[in-house]
Amino acid sequence: MSTTLFDKVWDSHVVRKIEDGPDVFFIDRHFIHEVTSPVAFLGLKERGISVLYPERTFATADHNTPTINQHLPVEDPLSANQLKALEENSKEYGISHWGLGNSKNGIVHVVGPENGITLPGATIVCGDSHTSTHGAFGAIAFGIGTSEVEMVLSTQCIMQPKPKKMRVSVAGDLQLGVTPKDVALYIISKLSTSGATGYFVEYAGKVFENMTMEGRMTVCNLSIEMGARGGMIAPDQTTFDYLEGRLFAPKGAAWDTAVAYWKTLKTDVDAKFDEEINFEASDIEPMITYGTNPGMGLGISKSIPNAKDVVEGAETYAKSLGYMGFQQGEAMIGKQIDYVFLGSCTNGRIEDFRAFASIVKGRQKAANVTAWLVPGSHVVEAQIKEEGILDILTESGFVLRQPGCSACLAMNDDKVPAGKYAVSTSNRNFEGRQGPGSRTLLASPFMAAAAAVTGILTDPRELL
Amino acid sequence: MAYDKFTTLTSTAVPLSIENVDTDQIIPARFLKATERVGFGDNLFRDWRYNNDDSPKLDFVLNNPTYSGQILVGGRNFGSGSSREHAAWAVYDYGFRCVVSSFFADIFRNNCLNVGVLPVQVSAPFADKIFKAIAADPKTEIEVNLPEQTIILKATGEKESFDISGYKKDNMINGFDDIDYLQNIKEEVIAFANELPY
């Protein structure tokens, strides 16, 4: 029978099917961080059970870590306590732990791929919804709750009903200045923030075939923002070239065996999806969000829609625009902004910093803008320095911070003040996401850079 | 974590008709710093419920003494966003045992089932009926019957059935959880793992 990429990977990991219930689903690789794991370890202790396969779990500290002075003790006692719990639990159960100061430390969805832990055909979970990032490699990867973290630690399995299948295809070539982030925000704006709920998405078509691994990670990362549990892209030569030689990737004969297997991981020509959606690359322009969920996005040249043209009900829409301080029908270009955040598991990789630098080079940071540039990992930070990007940023008046999730969810000190506007390369523009009362405009690194040097929302294509 | 058994719940309900209520609203990230599962109910809907000076926002439904009960009725696409189970813990810890909506985000629904909060998905017209019934009489009672898989407006007898897998239903009725199940098939899991490429 013809099957999809998703079927092939899913079906090969079902330990047992429960009648009128979920599948018992085996997890190859498990990432944990300081925020969603402590209660899972507590649960193990209360039940008196242990970790079945400690070598399949990888711990990194990222969510609440400071992005300056990481060599000093963490000041916030609650954050320090969580970091200590992660370190102690990892040590007790024999789990590799990349804490603050470790050269491999960084955002979980950046360091996993960077170290070759993420592999095609693998099943990967983490107590974080942006685990969907790893689907870029042809893995089934999705976020789980803390009870499920405990399940994976204790039995390497979770209980999951198999989701429905959706294929999102984008044909053609992207215009200059249109990035993977714009492609994802465009798709979400068309499907809405719940349009893919209940589905697992495969991205297909020329746009994704031509995309770099980092671009694919950005797209898959944002799958959850349209409600999908995850998104994936069939592995190809781009995938293999990225992985070869990375720390945890197979080596020697094992590499050849792995690549031969990975080449079988694709959707059969006549395989059926529950839903098929098609877009044209030429319809996509640089995107910006204007509301309080990632589905509320539009092309930078467009104006904020009227209530009758959106999926939200009138009350919800009015609340959202009221929070943002925007009016129906207003243009986005020219709006004054206060903060710029470059970073996160969505856009905290080297290509994102190259893109940002390409626009700010030879220009100066606008005086009204506070900019936080936060690499996704120490490896990215080192690349920024080696490639001379740091010099460009410094000459343009920017400061580079240290790796972590930072202002994406404002669990550390990087909080956008109430009422201020932040152009952010992160993934969520929910109310208060970047700090109580903060107003987030999601965009690409190009858009963030254009706003950072002009102080207002600017079409980045004018500065390329 | 094993939880209270759930069979039938008859209660008044708290209405929150806003759509796309995301888990950052249910519990903002800055309140996720505990290492134990206690006290999250205090921060349920924190930024909608309290001003910056911690005084209550009187127009928010949880601060309105007219409404109370163990059932929370939310707008469409309830629980979108982050996978934080803390959101389900906060709902439970505040005292809710059931959330009703015409549409749930996947992870939140899953998390609820794992912590003993029953997510009941109803049709959009039935959700409207519930909101209208509560608006007309805040003391109106709703019965959620898990064995029968029905939700009933007590005043009028109007009812609808809801979906839940037989496995999850048995778990909730008996207060079992998935870890209990998985522990019992560990040998099968180990045998399976030995055959995998990674």
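The values are calculated or read from the model by the stated rules, or taken from the named source; none is laboratory data. No experiment lies behind these values; they were computed from the predicted model shown. No Cβ is skipped: glycine too gets one built from the backbone with ideal geometry, and neighbour counts run over all protein chains shown.
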(request) Would you check which residues across segment A:26-54 are under 23 Å from the mean Cα position of the chain (by Cα) and free of Cβ contacts under 8 Å to residues at least 24 places away in the same chain and list them? (result) none
(message) Of the conditions (1) facing another protein chain (nearest Cβ under 8 Å); (2) in contact with an Asp or Glu (Cβ under 7 Å, 6 or more places away or on another chain); (3) surrounded by fewer than 24 Cβ atoms within 10 Å (Cβ to Cβ); (4) over 23 Å from B:THR140 (Cα atoms), B:ASN52 satisfies every one except a single condition; which number is it?
(response) (2)
(message) Which count do you get for residues in segment A:1-14 that are within 22 Å of A:GLY145 (Cβ to Cβ) and either touching a Ser or Thr at 6+ places or on another chain (Cβ under 9 Å) or away from chain B (no Cβ under 11 Å) (or both)?
(response) 4
(message) Suppose we filter B:ASN114, B:ASN64 for residues that are surrounded by fewer than 21 Cβ atoms within 10 Å (Cβ to Cβ), of a type outside the set (D, E, K, R) and either free of Cβ contacts under 8 Å to residues at least 24 places away in the same chain or touching an Asp or Glu at 6+ places or on another chain (Cβ under 8 Å) (or both); which single one remains?
(response) B:ASN64
(message) Just to verify a result, which residue in segment B:12-32, among those that are of a type outside the set (Val, Ile, Thr) and more than 9 Å from every other protein chain (Cβ to nearest Cβ), is surrounded by the most Cβ atoms within 10 Å (Cβ to Cβ)?
(response) B:ALA13
(request) Could you tell me whether any residue of segment A:162-185 is under 30 Å from B:SER101 (Cα atoms) and touching a Pro at 6+ places or on another chain (Cβ under 6 Å)? (result) no
(message) Can you confirm whether B:ILE107 is hydrophobic (A, V, I, L, M, F, W, C) and within 14 Å of another protein chain (Cβ to nearest Cβ)?
(response) yes
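Yes/no matrix, rows are residues, columns are (1) among the aliphatic types (A, V, I, L, M); (2) buried (at least 17 other Cβ atoms within 10 Å of the Cβ); (3) in contact with a Lys or Arg (Cβ under 9 Å, 6 or more places away or on another chain):
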{"position": "A:ILE18", "(1), (2), (3)": "yes, no, no"}
{"position": "A:PRO22", "(1), (2), (3)": "no, yes, yes"}
{"position": "A:PHE25", "(1), (2), (3)": "no, yes, yes"}
{"position": "A:HIS30", "(1), (2), (3)": "no, yes, yes"}
{"position": "A:HIS33", "(1), (2), (3)": "no, yes, no"}
{"position": "A:LEU44", "(1), (2), (3)": "yes, yes, no"}
{"position": "A:VAL51", "(1), (2), (3)": "yes, yes, no"}
(request) Output the qualifying pairs, or none if there are none: Cβ atoms under 9 angstrom, residues six or more apart or on different chains, first residue in segment B:138-153 and within 17 Å of B:PRO119 (Cβ to Cβ) and touching a residue at least 40 places away in the same chain (Cβ under 8 Å), second residue part of a loop (DSSP other than H, G, I, E, B) and among the aliphatic types (A, V, I, L, M). (result) B:LEU146/B:ILE164; B:ILE151/B:VAL122
(message) Please verify whether A:LEU393 is under 19 Å from A:ILE68 (Cβ atoms), not charged (D, E, K, R) and not in a loop (DSSP other than H, G, I, E, B), treating the condition exactly as stated.
(response) yes
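Yes or no, residue by residue, for (1) modelled with pLDDT of 95 or more; (2) at the interface with chain A (Cβ under 10 Å from one of its Cβ atoms); (3) within 26 Å of A:SER132 (Cβ to Cβ):
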| site | (1), (2), (3) |
| --- | --- |
| B:ALA2 | no, yes, no |
| B:ASP42 | yes, no, no |
| B:PRO65 | yes, no, no |
| B:VAL73 | yes, no, no |
| B:SER80 | yes, yes, yes |
| B:ARG84 | yes, yes, yes |
